[in-house]
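To start, the structure itself, in structure tokens.
The values are calculated or read from the model by the stated rules, or taken from the named source; none is laboratory data. From a predicted model like this one, the values you see are computed outputs, not experimental measurements. Backbone-built Cβ (ideal geometry, glycine too); neighbour counts: all protein chains shown.
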Amino acid sequence: MTKSEITDIYQRNIKRLHAEINSYNSDAALWEERGAISNSGGNLILHLIGNLNHFIGATLGKTAYVRNREAEFNTKDLSKQHLIELLEEANKQVNHTMNSLPEFEMQDEYPYDFAGKHSTEYYLVFFIAHFEYHLGQINYHRRICSI
């Protein structure tokens, strides 16, 4: 898979996440926890933004971002607008990093090892799968909070 194809998928998914955020009925609905669902949509959104900033921005783009994963799941009550601003900033980092990344580095070993030693391309696809998994959870959360 080419860098351009991977970048296109990230852009599509970020647009889908943006649409999900806007589709919540209210700011409060983002943070609802219902039944066995322990992660609110808002916290999953913060988690995805953290992943983009950490695994693409900081790890590949060498930004100064320092991840606070605990805060991704403990922060509450941010507005839809604030989440969109955070997502747009993360998207800038994704675009800058992917545009700056030489195509040949896609086959280099990814500089952060948490699931074995694999290429940058492998991990970028792995992160897409992770993003889409949580995007589905956010979609489900939004729909049940609209009932």
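Quick look at the values:
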read-out: Condition met for Asn99 (at pLDDT 95 or above and loosely packed, with under 13 Cβ neighbours inside 10 Å); value: yes
read-out: Single unsatisfied condition, Asp77 versus (1) among the charged types (D, E, K, R); (2) in contact with a Ser or Thr (Cβ under 9 Å, 6 or more places away or on another chain); (3) at positive phi; (4) in contact (Cβ under 8 Å) with a residue 40 or more places away in the chain; value: (2)
read-out: Restricting segment 28-38 to residues that are surrounded by fewer than 16 Cβ atoms within 10 Å (Cβ to Cβ) and outside any helix (DSSP H, G or I), the residue that is farthest from the chain's Cα centre (by Cα); value: Gly35
read-out: Selection within segment 77-90 - more than 16 Å from Phe127 (Cβ to Cβ) and surrounded by 12 or more Cβ atoms within 10 Å (Cβ to Cβ); value: Leu78, Ser79, Lys80, His82, Leu83, Ile84, Glu85, Leu86, Glu88, Glu89
read-out: Selection count, segment 102-147, where residues are at pLDDT 95 or above and among the β-branched types (Val, Ile, Thr); value: 4
read-out: Subset of segment 11-25 (residues that are free of Cβ contacts under 8 Å to residues at least 40 places away in the same chain and over 15 Å from Val94 (Cα atoms)); value: Ala19
read-out: Any chance Val94 is in contact with a helix residue (DSSP H, G or I) (Cβ under 8 Å, 6 or more places away or on another chain) and either at positive phi or loosely packed, with under 11 Cβ neighbours inside 10 Å (or both); value: no
